[in-house]
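Report on the following structure.
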């Protein structure tokens, strides 16, 4: 028996040694081939001058973005979202303790930092109350009451995977917030669980176009008749790429997505950079009115703000026609907003930040006497209680978040949204990558995220001496200036600065 075992081990070692020798041989052959290829090519100077070794440059560049967040980046220095922000969302969505110890890692000296003003006599918890609902289109046949202070922003089925949309829809239903479909059209997955739904009409009219690609009021009426559909949002532009339409790469246009959007399968889905029907403030009001008349539901538009004189012209036209001609809401998307795919020049340098654009829009509506008529939704990198509380101080009626909800269902900021290789299954249509995303389990995380957001913003509101988030105003937050001191937001934007 002992001899048999010894022979077995000896043969095994011989086999392993033979395999090892073969692998070494193949490795040497591969290195030689790469050496010849690199040294004889002229497209890449580094690889030509340093054959084989020069290839490591690209490997390190590719791996660097993954390793930085784990080994090198500090809690508050990553972009677009740092570790502290992501960890707050992760722990909140998992229902874990998200308190911190010892001291804050947030520097309070950078220009623009918001500092909330605590009251010497904060609101007792017994005197606190839930934020009152915001009513959109109160005079319409189908008005909508929005209770949640944060909602799922527009992310289309296509940009997101099937299980991701299902998780967000079910989670929104559990949390009592609405989900925006994004410009890809209303899919069956947006309706799962019974959430309130806002359908978005993009510039390509995906989901609401006929066989010839033209916008169809009949198709819109049919889909908007669903009782879960509460509002319609006409997308003019978004913060990540103002002046550019949506872009869905060809390998993400599956047969199912092509059917929902009424476009060819396997062909890149590229939207026009604006609606052909809308070329002026007057035509925008006309189109919104037609949509609202067809559906009987609150209708507004989404836009990133750059030049804003057109908003003043829009208000003048509304005053001329009468308040009933006004959009029921305006969604303001900040230039720091995200997307699945966008040109770098647009995502980096075009469009005002939400920190500037939101107060400007609120003031324009106030001066025109339309602030009560037109509700304002804020969007653009608002993912923590402080972000959301600032938006309410600035004057928002409610807040949308996209990437905050993506983090809640497992996004790790791999920055692969445009490549169909998302490792968490959220922005890919590859089945093996989607398998780890369980919609029912992740929907609970969405619910927890919303609940913790309500709690966190409530804590700030109570510290400021008011009963709930929607009672915050510009007097309650100060903004750090270049000299190191802070001034009230009510001084920077005085139109809405009065204490109510």
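Here the range 197-335 is treated as a Stokes sphere of Kirkwood radius computed over C-alpha pairs; at 25 °C and 0.890 mPa s its diffusion coefficient rounds to 155 µm²/s. Per-residue packing, averaged as other Cβ atoms within 10 Å, sorts the ranges 184-192, 159-167 into the order 159-167, 184-192, beginning with the highest.
Ordered by the count of other Cβ atoms within 10 Å of each Cβ, fewest first, 392, 58, 485 give 485, 58, 392. Ranked by how many other Cβ atoms sit within 10 Å of their own Cβ, fewest first, the residues 354, 330, 28 fall in the order 28, 330, 354.
Compute the length gained on full extension between residue 96 and residue 492: take 0.36 nm times their separation in residues and subtract their Cα-Cα distance, giving the result in nm to one decimal.
Between residue 96 and residue 492, full extension yields an extra 138.8 nm.
The range 252-295 and the range 449-487 have Cα centres separated by 37 Å.
Treating each Cα of the range 125-496 as one equal point scatterer and applying the Debye formula with no solvent, the log10 of I(q)/I(0) at q = 0.07, 0.08, 0.11, 0.15 Å⁻¹ comes out as -0.28, -0.37, -0.72, -1.41. Taking the longest Cα principal axis of the chain as reference, the axis of helix 162-175 is set at about 40 degrees.
Nearest 10 degrees, 0 to 90: what angle lies between the long axis of helix 281-295 and the longest principal axis of the chain (Cα atoms)? Taking Cα atoms only, the helix is inclined about 90 degrees.
Given the alpha-carbon gyration tensor of the range 411-453, what are the semi-axes of its equivalent ellipsoid in whole angstrom, ordered largest first, with each equal to the square root of 5 times an eigenvalue?
Numbers: eigenvalues 97, 33, 7 Å².
Ellipsoid semi-axes (Å, largest first): 22, 13, 6.
With the highest mean first, a sort of the peptides 364-371, 136-143 on other beta-carbon atoms found within 10 angstrom per residue produces 364-371, 136-143.
For the range 136-253, the alpha carbon convex hull comes to 120 Å³ per residue, rounded to a whole number.
Run lengths n ≥ 4 of DSSP H only: what is the helix-derived mean residue ellipticity at 222 nm for the chain, with -39500 (n - 2.57) per run over all residues, to the nearest 500? Write out the running numbers ahead of the final one.
On the way: 16 runs with 193 residues, N = 500.
Helix contribution divided over all residues of the chain: -12000 deg cm²/dmol.
By how many degrees, 0 to 90 and rounded to 10, does the Cα axis of helix 439-463 deviate from the longest principal axis of the chain? Long axis of 439-463 versus the principal axis of the chain: about 50 degrees.
Of the peptides 399-407, 274-282, how do they stack up when ordered by the mean number of other Cβ atoms within 10 Å, highest first? All intermediate terms of the calculation are to be shown ahead of the outcome.
Details: 399-407: 27.1, 274-282: 14.8.
The packing order, highest mean first, is 399-407, 274-282.
Just so you know, all these numbers are worked out from the coordinates, no wet-lab data involved. Source: prediction; values computed, not measured. In this analysis, Cβ positions are derived from the backbone assuming ideal geometry, glycine residues included, and neighbour counts consider all displayed protein chains.
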